[in-house]
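Written out below as C-alpha cells is the structure these notes cover.
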Amino acid sequence: MAAHETGIATLPPLGELRTRTVTDQIFDVLYERVVDLTLPPGAKLSEAEVAAQMGVSRQPVRDAFFRLSQTGFIQIRPQRATTVTPLSEEAVLRAHFIRTALEEACVRVAAERLNEASLAALDVLVERQAEAVAAGDRSAFHALDDDFHRDICAFAGLDFVWALVKENKGHMDRARYLSLSYGSDTALAEHRVIMKALRARDPEAAADAIREHLGRIREIIARVRIEQPSVFAG
C-alpha cells in the first residue's frame with residue numbers, strides 16, 4: 001500500500017518534532033517570565049539575544065515569539081523592537097470568565113468526590129501557603145496557589161479542566177502577580193473557605209467560594225490601575 005494511502009506521508013520528520021519541542025521549551029520559559037513580570041510590560045525582546053542565551057538557533061525562538069504574540073503577550077512589529085505588551089483589562093476579564101466557569105463546575109464535582117486523603121493533601125498545601133505568606137515569599141505563594149487549584153481538579157478526576165484553565169489564565173495571572181504583595185493574605189483566607197465547603201461536601205458553597213475568590217480580580221484591576229497605571233493598555 002502506498003504511503004499516501006495510509007496517511008503516513010503526512011507525518012512530520014523527526015527533525016521537525018525536535019524543533020517543535022525546543023520551541024515549546026522556549027515558549028514556556030518566556031511565558032513564565034512575562035506572567036511573573038520578570039519581563040515587564042514594555043520590555044524589549046531580541047530573537048538573537050534569546051537564541052544566544054538559550055543556546056539554540058533563531059528559528060525556534062522566532063516560532064516561540066509568534067506563539068506569544070498570538071496569545072497577546074508580546075507585540076511583533078516589522079522593523080521595530082519586539083516588546084512585551086501592557087496588561088489588557090479585556091484580556092484579564094476574558095480569562096476570568098473562562099476560569100470561573102471551569103472551576104465552578106469543577107469544585108461542585110470535587111465537593112462530592114474528594115476523599116479524606118485528598119482533603120488532607122489540600123490542607124497541607126494551604127498550610128504551606130500560610131508559611132509562604134508569613135515569609136513574604138510571593139513566588140512560592142503563587143506556585144502553591146496554582147498547586148491548590150490544580151490538585152482540586154486532579155483529585156476530582158478532572159485533570160483536563162486544569163489543562164484548560166492553565167491554557168487560558170495567563171493574562172489573569174499577570175494582574176494577580178501584581179497584587180501578591182498585599183493580596184496573599186486574602187487569597188489564603190479564601191482558600192480556607194473553599195476547603196471548609198469541600199469538607200462539608202457542599203457543592204453550592206464550594207461554587208460560591210470559588211466564584212468570590214476568582215472574582216477578586218476586579219478589585220485587583222481597580223487597585224493596580226490606581227497604583228501602577230502604566231502597566232495597563234489604554
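Throughout, read-outs are computed from the coordinates displayed, never taken from laboratory work. Worth saying up front: this structure is predicted, and the values here are computed from it rather than measured. Neighbour counts run over all protein chains shown; Cβ positions are idealised from the backbone, glycine included.
Can you tell me, using C-alpha contacts under 8 Å and at least 6 residues apart, the relative contact order of the chain as a whole percent? Can you show the working numbers first?
Working: 250 pairs, mean separation 56.6, N = 234.
Once divided by the residue count of the chain, the mean separation gives 24 percent.
Which listed residue (VAL161, ALA143, SER69) has the Cα farthest towards the positive end of the charge dipole for the chain, taking +1 on Lys and Arg C-beta and -1 on Asp and Glu C-beta about the Cα centre?
The Cα lying farthest towards the positive end belongs to SER69.
With n ≥ 4 as the cut-off for DSSP H runs, can you work out [θ] at 222 nm for the chain, using -39500 (n - 2.57) per run divided by the number of residues, rounded to the nearest 500?
Value at 222 nm, helices only, nearest 500: -24500 deg cm²/dmol.
Helix 138-155 versus the longest principal axis of the chain: what is the Cα-based angle in degrees, 0 to 90, to the nearest 10?
80 degrees
What residues have an amide H closer than 5 Å to that of PHE232, excluding those fewer than 5 places away on the same chain, when H is modeled at 1.01 Å from N in the peptide plane?
Long-range HN contacts for PHE232: LEU87.
In segment 175-196, whose amide N lies under 17 Å from the spot 7 Å out along Cα-to-Cβ of ASP208? List them in ranges.
Counting backbone N atoms under 17 Å from the label point, the list is 190-196.
Give the peptides 216-226, 88-98 in descending order of average Cβ contacts within 10 Å, highest first. Write down the numbers at each step before the final one.
Numbers: 216-226: 15.5, 88-98: 17.7.
Answer by packing, highest mean first, reads 88-98, 216-226.
Could you give the size of the charge dipole of the chain about its Cα centre, using +1 on the Cβ of each K and R and -1 on the Cβ of each D and E, expressed in debye and rounded to the nearest 20? Let's see the in-between values first.
Working: 29 positive and 34 negative charges, 155 e Å.
Here the size comes out at about 740 debye.
To the nearest 10 degrees, how steep is helix 203-215 against the longest Cα principal axis of the chain, on a 0 to 90 scale?
With both axes taken from Cα atoms, the answer is about 60 degrees.
Can you tell me the alpha carbon radius of gyration of the chain divided by the globular rule-of-thumb value 2.2 N^0.38 Å?
Working: Rg = 20.4 Å, N = 234, 2.2 N^0.38 = 17.5 Å.
For the chain, the normalised Cα radius of gyration is 1.17.
Return the Rg/Rh ratio of segment 124-167 with Cα-based radii and a Kirkwood Rh. Please list the in-between numbers first.
Numbers: Rg = 11.5 Å, Rh = 10.9 Å.
Here the Rg-to-Rh quotient is 1.06.
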